Amino acid sequence: MKIRTVLLLPTAALAVSLVLCSSAQALYDPLASGSTTIALARPFASLLASHGVKIEAKGGATRKGSRIVLPASGGEFDPGLGAGTVESEGTLVLAAGKRKVILRKLLFKAKRSPLYAKVGGGQLKIATASRLRAKRDGFGERFAAAGLRLTAKLASRLNKKLRLGKALSSGQPLGSLAARAIPATVHLAQQGRLSLAVDPAFAAKLNGLFVSLNPIAPAELSSGPTLSFPVGPESTLAPDGTGGTVKLEGAAELLQLGSAQVFWREAWLEPGIASLLVEVDLQPSPPHSGRRPQGPLLALPPAAAGSDPAARTISISGQGATLTEAAATELNEAFAEGRPSFNAGEVVGTISLAATAE
């Protein structure tokens, strides 16, 4: 598993790193879940305790000894670049008697200053880090920030509000941090294909109406018949197959010689609404309706996806696909002179997908 480590001391190295990162396309995946764990350095915790300062974790955050765990509430990350943010639930309350400083909306950023919080009416940098590390974790990412040091602004705020004198100072060792990001959807590499194995009864109906099914590259048609489309750019998919948008390359033509053509373009698999969408074009126009906006062509059952986090692969096998009412109407208009030869709910075939996450 590839580990990316960034030393945050030399300014020149930072500049080179930023240039290299900007040259690559950022593909940020939204978080479904995760956490940020802060491990307080023992001298820092002891110093606070010696001044009567207690640290309480509330609102979903938990503390056990020197470890504070904050569940993720949002964020995004790019596993290829080792960049990202993890937004946290919960609050931290630093209290000395009746005096309090409340840290809300804690935020991890994979950068030199990795920890932020809302304090009072504004956001403050909580700590800087001497080293950041990012490591892929299946479909997710793990981040580690070592050598956390207190920022001048937070040290000043704590000293003033909690009446600590000059007990805290800028650069004081604070501890370390670990963040975990688990994606809701992942970006897909441009490899793998979606296949539609046409049902024999539907294929026989097309043949009976003298309608041929033809692929438009890079779509392909193999024996069966099976129509397949490559996974295209900007495609996303949930590891459990329940969300995302898989944008497919290529198109398909249904041709009835001397009569009509139907083109299915811009095919997108939308697991969240259990549909395969296409842009339909009925030709010639007139008398047919021509190009129509993208809409549902096939209805699908809930996805039953399999995934391999180590290989970062996602597969969907054998989903039965049925015609939508709009699709049946379009086929009847084009090839059956409006007669109800095609029907909503009619089985068209089974859909399978093999995809790999970036």
task = Could you list, in sequence order, all residues of region 244-266 that are touching a residue at least 40 places away in the same chain (Cβ under 8 Å) and either closer than 18 Å to A354 by Cβ or in contact with a Lys or Arg (Cβ under 6 Å, 6 or more places away or on another chain) (or both)?
result = G244, V246, L248
task = Select from region 24-77 the residues that are assigned to a loop (DSSP other than H, G, I, E, B) and not hydrophobic (A, V, I, L, M, F, W, C) and write down the one among them that is modelled with the lowest pLDDT.
result = Q25
inquiry  = Against the conditions (1) over 19 Å from V198 (Cα atoms); (2) of a type in the set (V, I, T); (3) buried (at least 19 other Cβ atoms within 10 Å of the Cβ), where does T356 fall short? Just the number, please.
reply    = (3)
message = Can you tell me which of (1) surrounded by fewer than 15 Cβ atoms within 10 Å (Cβ to Cβ); (2) over 24 Å from the mean Cα position of the chain (by Cα) is the one A41 doesn't meet?
response = (1)
task = Hey, can you tell me all the residues within region 116-130 that are surrounded by 16 or more Cβ atoms within 10 Å (Cβ to Cβ) and of a type outside the set (A, V, I, L, M, F, W, C)?
result = Y116, K125, T128
task = Looking for whichever is modelled with pLDDT of 95 or more and in a strand (DSSP E or B) here; the options are L168, L221, L206. Which one fits?
result = L221
query = Which is in contact (Cβ under 8 Å) with a residue 12 or more places away in the chain, crowded, with 19+ Cβ neighbours inside 10 Å and in a strand (DSSP E or B), of A178, A146, A134, A155?
reply = A134
query = So which residues in region 294-336 are touching a Ser or Thr at 6+ places or on another chain (Cβ under 7 Å) and β-branched (V, I, T)?
reply = T313, I314, I316
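The values are calculated or read from the model by the stated rules, or taken from the named source; none is laboratory data. The shown structure was predicted, so the numbers you read here are calculated from the model rather than taken from an experiment. Because the Cβ atoms are built from the backbone with ideal geometry, glycine has one as well, and the counts that use them run over all protein chains shown.
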